[in-house]
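Coordinate-derived values only; no laboratory data. What you are looking at is a predicted structure, and each value in this text was computed from that prediction instead of being measured. Heads up, the Cβs are rebuilt from the backbone with ideal geometry, glycines too, and the neighbour counts pull from every protein chain shown.
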Amino acid sequence: MARKILVADDEERMRRLVGDFLRKYGFHTFEAADGRQALQIFAEQEIDLLILDVMMPEYDGWAVCREIRKTSAVPIIMLTARGEEADELFGFDLGVDEYISKPFSLRILMARVQALLKRTEGHAFNPPKSLGALKIDEAGHYVYVDDQTVDLTPKEFELLVYLADHAGRALTREQILNAVWDYDYYGDVRTVDAHIKNLRLKLGGRGEYVQTVRGVGYRFEVSS
């Protein structure tokens, strides 16, 4: 069955361009001209992935993302014409999975769409793993810290799982990008740093498990 993608952008030309390109690859697309329409379509359809423009009438992309994250972990790619670091960090805080600045390559967009959808497909069952005060249930997509559930975005969850699977090993930012995002950011490692920062905050006192390795990157290690 074709995966369903919602493209929300107030520029009709952009919606058509992205929609036509996605349909060539077999995706079923829905188009919304504003944030209100995007939320309505999302409520009526089983959407597999959203592509949201930041600047839209009615509700902007941030508002749409915030509303959707109340009930769903569906992958979200945010489009913006600004591309400022503060915007990217704000988007990650809201639960945005990917961030693309206009103008962009349609092939790069497709690569990110495919990577996100690939990670939402069913995986083999893995029993919950315990690491110190942390418990990760991949099957249920739950994380517990000191027996309390922690609400992580899909990308933060994948990042934590990758770090935990390589506990004790120093990982470069490039390695983390390739493993968790499935593509290169052409040397831009701010994405990893932003997600690490958010992950540490959500893990509270156990954020110390994610250690900075100066000159290298990061390492997951349970404190004694």
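Modelled this way, with points 7 Å down the Cα-to-C-beta line, the labels at residue 4 and residue 131 are 3.6 nm from one another. Maximal additional length on extending the residue 110-residue 33 stretch stands at 25.6 nm, based on 0.36 nm per residue less the C-alpha distance. Shape class of the range 4-120 from the Cα gyration tensor (axes a ≥ b ≥ c, square roots of the eigenvalues): rounded, since a/c falls below 1.5.
Axis of helix 154-165 versus longest Cα principal axis of the chain: the two differ by about 30°, to the nearest ten degrees. Which length gain, in nm to one decimal place, applies between residue 46 and residue 93 when the Cα-Cα distance is subtracted from 0.36 nm times their residue separation? Net length gain for the segment: 14.5 nm. Over 18 Å apart at the Cα level, from the set 118/155; 155/197; 135/197; 102/197, are 135/197; 102/197. Contact order for the chain, expressed relative to its length and based on alpha carbon pairs under 8 Å spaced 6+ residues apart, stands at 13 percent. As a calculated quantity, the FRET efficiency between residue 17 and residue 55 at R0 = 25 Å, using C-beta atoms, amounts to about 0.90.
The packing ranking, built from the mean of other Cβ atoms within 10 Å per residue, places the peptides 39-50, 212-223 in the order 39-50, 212-223, highest first.
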